[in-house]
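Enquirer: Pasting a structure here, questions to come.
The values are calculated or read from the model by the stated rules, or taken from the named source; none is laboratory data. The structure displayed is predicted, hence computed values, not measured ones. Here the Cβ is made from the backbone with ideal geometry for all residues, glycine too, and neighbour counts use every protein chain on show.
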Amino acid sequence: MTNELSELGVIFDALSYASKMHATQRRKDNKDTPYINHPIDVARMLVTIGGITDSNTLAAAILHDTVEDTEATAESIEELFGAAIRDLVLECSDDKSLPKEERKRLQVVNASHKSQAAKCIKLADKISNVRDISDSPPAFWTVQRMQEYLVWAGKVVDGLRGANQPLEELFDRTLETASMSISARAQSIDE
Ligand code: NDP
Ligand code: ZN
C-alpha cells in the first residue's frame, strides 16, 4: 500500500470506529443531531480552515470524544490506531473521574502545555461547540449558562494561541457572532 493510501485508510478507519462508538448518542440540542456530526465538523475545519493534512491529527480529531464520552478506552485506541493517535486523543480528553469544575479549570491551565496537533484539535473543538451553542443550543440552558460557556471557551483558547492562526481567527469571529446572538436572545427575553 502507498503511504497516501494508508494515511487515507487511517482517517476512514477512524470515521468508521467513531461512528459506531457514538452511534446511540445525540448532541445536547433539541434537533436530535447525531453526535458524530461534531467530530466530523472538527476534522473538516482542521482541513478546510487550518490547512492540516496530517493523517494522525485528522484521525485523532475524529476520535477526540470517544474516550471521554463512549466505551472506548486508551487501550482500544492504541490497539486499533497506534500510540501516536492514542496520545493525541488523550491530550484532548478530560479525566471524567474528576469533578466537573476541576475538569473545566484544568482545561484552562493545561491548554498551553499541549502539543501543537492537540492545540489545533482543541481549537476546532471549541469553534464547533461555540457555534453550536449559538445556532443549536443545549436544550434547557439559560442565556447565563451559554454566556459562561463562551467566557470559559475563550480562556481555554487563550492557552492554545500560536498553534494555527486561521483557526484562532475563526474562533475569534465565531465567539463574537455567538456573543452578539446570545445577547440579542437575552434582550428579546427581557422585552
Ligand atoms: P457542559 O460541559 O455540560 O456542556 C458543554 C459540552 O457539551 C460542550 O463542551 C460539548 O462538548 C458538548 N455539547 C453537546 N451538545 C452540544 C451543543 N448542542 N452545543 C454545545 N456543546 C454541546 O457545559 P459546561 O459545564 O461547560 O457549562 C458551561 C458553563 O456553565 C460553565 O462555565 C459552568 O460553570 C456553567 N454552569 C452553569 C450552570 C447553571 O445552571 N447556570 C450549571 C452548570 C454549569 P464536546 O466537545 O465534548 O462535545
Ligand atoms: Zn468535542
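Enquirer: State whether the residues of the stretch 116-130 include one that is more than 14 Å from the chain's Cα centre (by Cα), surrounded by 15 or more Cβ atoms within 10 Å (Cβ to Cβ) and charged (D, E, K, R). Give the steps one after another, and end with the answer.
Expert: Just the residues of the stretch 116-130 that are more than 14 Å from the chain's Cα centre (by Cα), to begin with: 116.
Still in the list and also surrounded by 15 or more Cβ atoms within 10 Å (Cβ to Cβ): none.
Scanning the stretch 116-130 turns up no residue that is more than 14 Å from the chain's Cα centre (by Cα), surrounded by 15 or more Cβ atoms within 10 Å (Cβ to Cβ) and charged (D, E, K, R).
So that you can scan it fast, the table gives a plain yes or no per residue for (1) within 17 Å of the chain's Cα centre (by Cα); (2) farther than 23 Å from PRO137 by Cβ; (3) within 11 Å of ligand 2 (Cβ to nearest atom); (4) in a loop (DSSP other than H, G, I, E, B):
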position: SER19; (1), (2), (3), (4): yes, yes, no, no
position: ASP32; (1), (2), (3), (4): no, no, no, yes
position: HIS38; (1), (2), (3), (4): yes, no, yes, no
position: ARG44; (1), (2), (3), (4): yes, no, no, no
position: GLY50; (1), (2), (3), (4): yes, yes, no, yes
position: THR53; (1), (2), (3), (4): no, yes, no, yes
position: THR57; (1), (2), (3), (4): yes, yes, no, no
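Enquirer: Which count do you get for residues in the stretch 63-77 that are crowded, with 17+ Cβ neighbours inside 10 Å and more than 14 Å from ligand 1 (Cβ to nearest atom)?
Expert: Selection size over the stretch 63-77: 1.
Enquirer: Right, another one. Counting just the residues of the stretch 131-145 that are part of a helix (DSSP H, G or I) and touching a Lys or Arg at 6+ places or on another chain (Cβ under 8 Å), which one comes out modelled with the highest pLDDT? Walk me through how you get there before you give the answer.
Expert: We begin by selecting, within the stretch 131-145, every residue part of a helix (DSSP H, G or I); these are 131-135, 143-145.
Pick out the ones that are also touching a Lys or Arg at 6+ places or on another chain (Cβ under 8 Å) and you get 132, 143.
On the way: ASP132: 98, VAL143: 95.
Selected residue: ASP132.
Enquirer: Related question: Can you give me the number of residues within the stretch 78-130 that are acidic (Asp, Glu) and either more than 11 Å from ligand 1 (Cβ to nearest atom) or at pLDDT below 95 (or both)?
Expert: Initial filter on the stretch 78-130 (acidic (Asp, Glu)): 78-79, 87, 91, 94-95, 101-102, 125.
Among the residues that remain, those that are also either more than 11 Å from ligand 1 (Cβ to nearest atom) or at pLDDT below 95 (or both) are: 78-79, 87, 91, 95, 102.
Number of matching residues: 6.
Enquirer: Does ASP94 count as within 15 Å of ligand 2 (Cβ to nearest atom), surrounded by 15 or more Cβ atoms within 10 Å (Cβ to Cβ), touching a residue at least 12 places away in the same chain (Cβ under 8 Å) and in a loop (DSSP other than H, G, I, E, B)?
Expert: It is true that ASP94 is within 15 Å of ligand 2 (Cβ to nearest atom), surrounded by 15 or more Cβ atoms within 10 Å (Cβ to Cβ), touching a residue at least 12 places away in the same chain (Cβ under 8 Å) and in a loop (DSSP other than H, G, I, E, B).
Enquirer: Shifting gears a bit: Restricting attention to the stretch 60-84, which residues are within 16 Å of ligand 2 (Cβ to nearest atom) and either among the β-branched types (Val, Ile, Thr) or closer than 15 Å to LYS96 by Cβ (or both)?
Expert: ILE62, HIS64, ASP65, THR66, VAL67, GLU68, ASP69, THR70, ALA72, ILE77
Enquirer: If GLY51 satisfies every condition in (1) surrounded by 13 or more Cβ atoms within 10 Å (Cβ to Cβ); (2) in contact (Cβ under 8 Å) with a residue 60 or more places away in the chain; (3) of a type in the set (Gly, Ala, Ser) but one, which is the exception?
Expert: (1)
Enquirer: Hey, another quick one. Only one of (1) touching a His at 6+ places or on another chain (Cβ under 9 Å); (2) more than 8 Å from ligand 1 (Cβ to nearest atom); (3) within 21 Å of ALA43 (Cβ to Cβ) fails for VAL157. Which number is that?
Expert: Answer for VAL157: the failing condition is (1).
Enquirer: Within the bounds of the stretch 62-78, is there any residue that is assigned to a helix (DSSP H, G or I), in contact (Cβ under 8 Å) with a residue 24 or more places away in the chain and under 22 Å from ASP135 (Cα atoms)?
Expert: Looking through the stretch 62-78, at least one residue is assigned to a helix (DSSP H, G or I), in contact (Cβ under 8 Å) with a residue 24 or more places away in the chain and under 22 Å from ASP135 (Cα atoms).
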